[in-house]
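Trainee: I have a structure here, written as structure tokens, and I will follow up with some questions on it.
Laboratory data are not the source of any read-out in this text; all were calculated from the coordinates shown. Just so we're clear, the structure is a prediction, and the values are computed from it rather than from any experiment. No Cβ is skipped: glycine too gets one built from the backbone with ideal geometry, and neighbour counts run over all protein chains shown.
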Amino acid sequence: MAKINLLPWRQERRREQQRQFLTLIGLSGLLVALLVFFIYLQYNLQIGRQQSRNKYLTDYVTKLKDQIKEVDGLEEKKELMVKRIDAIQDLQRSRPDMVHLFDELVRIIPEGVYLISLKQNGNNLDFVGMAQSNSRVSSFMRNIDQSMWFQDPQLISIEEDSKGKEASIKFTLTAKHVNKAELASKDPKTAGNKPVAKPTPAEKKP
């Protein structure tokens, strides 16, 4: 028994243990590498999904912006159409008033007075005309004041014009046109009727 040499057996066992240790280290390293690779794939997959979502949201936001621009353009077109419709409706509503205006002008202009120009700005009227005398101008203003379709006559200027064969008076005055709605609010019974200005002595022929 004293002659048995156990050294080779111990060395072989040591080498076997080293091989097992190295194998275990290699397997552990491989397992760690596989785990890291798996985690890397999972992160890449999640990043790709998030990028796809971000791209979808970006495209959708761009599409919404285009739709908003289109809606804004439609709103502008709508406003223009509404303004045009309102203008057309105002013209339609003002047609009877214009008929009454000119019909009433024929009634209230006394003899010896004629108009050179008539301008309208909203309900404001500007008269420029010629008269044979100051009394004719006064008669014209009284007729305007008595008419239901006109109100607030204001004399702006009056001057003699001796260029013609006969002396005459050039006058400028303003008044307001009472539309049908205002007339109805004042007196519903007379709305739509043609008021007649009361004759004055100045309207008689000289």
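Trainee: Give a residue-ordered list of calculated ³J(HN,Hα) values for the stretch 101-113 (Karplus: 6.51 cos²θ - 1.76 cosθ + 1.60, θ = phi - 60°; whole Hz; x for Gly, Pro).
Mentor: Once rounded to whole Hz, the list reads 4, 5, 5, 6, 4, 4, 6, 9, 6, x, 5, x, 10.
Trainee: Could you pull out every residue, at least 5 positions away or on a different chain, whose amide H is within less than 5 Å of the one on residue 150? Hs are placed 1.01 Å off N in the peptide plane, and Pro or chain starts have none.
Mentor: When sequence neighbours closer than 5 places are left aside, the close amide H contacts are 178.
Trainee: While we're looking at this one, here's another question. For the stretch 50-60, just list the computed ³J(HN,Hα) in residue order, Karplus coefficients 6.51, -1.76 and 1.60, θ = phi - 60°, integers in Hz, with x standing in for Gly and Pro.
Mentor: 5, 5, 5, 5, 4, 5, 4, 5, 5, 5, 5
Trainee: Now a separate question. Report the paramagnetic label zone for residue 62: residues of the stretch 22-54 whose backbone N is under 19 Å from a point 7 Å from Cα along the Cα-to-Cβ axis.
Mentor: Backbone N within reach: 49-54.
Trainee: Follow-up. What list do you get for 168, 133, 52 if you sort them by fewest beta carbons within 10 Å?
Mentor: Ascending number of Cβ neighbours within 10 Å: 52, 133, 168.
Trainee: When 9, 149 are ordered from fewest to most other Cβ atoms inside 10 Å of their Cβ, what list results?
Mentor: Going from sparsest to densest Cβ surroundings: 9, 149.
Trainee: With each pseudo-label sitting 7 Å past Cα toward Cβ, what's the residue 33-residue 128 distance in nm, one decimal?
Mentor: It is 10.4 nm.
Trainee: So, one more: Taking other Cβ within 10 Å of each residue's Cβ, how do 173, 64 sort, fewest first? Don't jump to the answer; show the numbers that get you there.
Mentor: Values: 173 19, 64 10.
Placing the least packed residue first, the sequence is 64, 173.
Trainee: In addition: Quick one: what are the phi-derived ³J(HN,Hα) couplings along the stretch 43-49, Karplus 6.51/-1.76/1.60 with θ = phi - 60°, whole Hz, x for glycine and proline?
Mentor: Each residue's phi maps through the Karplus curve to give 5, 4, 5, 5, 4, x, 4 Hz.
Trainee: So, one more: Take the Cβ-Cβ distance between residue 22 and residue 51 as r, set R0 to 41 Å, and report the resulting FRET efficiency rounded to the nearest 0.05.
Mentor: Between residue 22 and residue 51 the formula returns 0.45.
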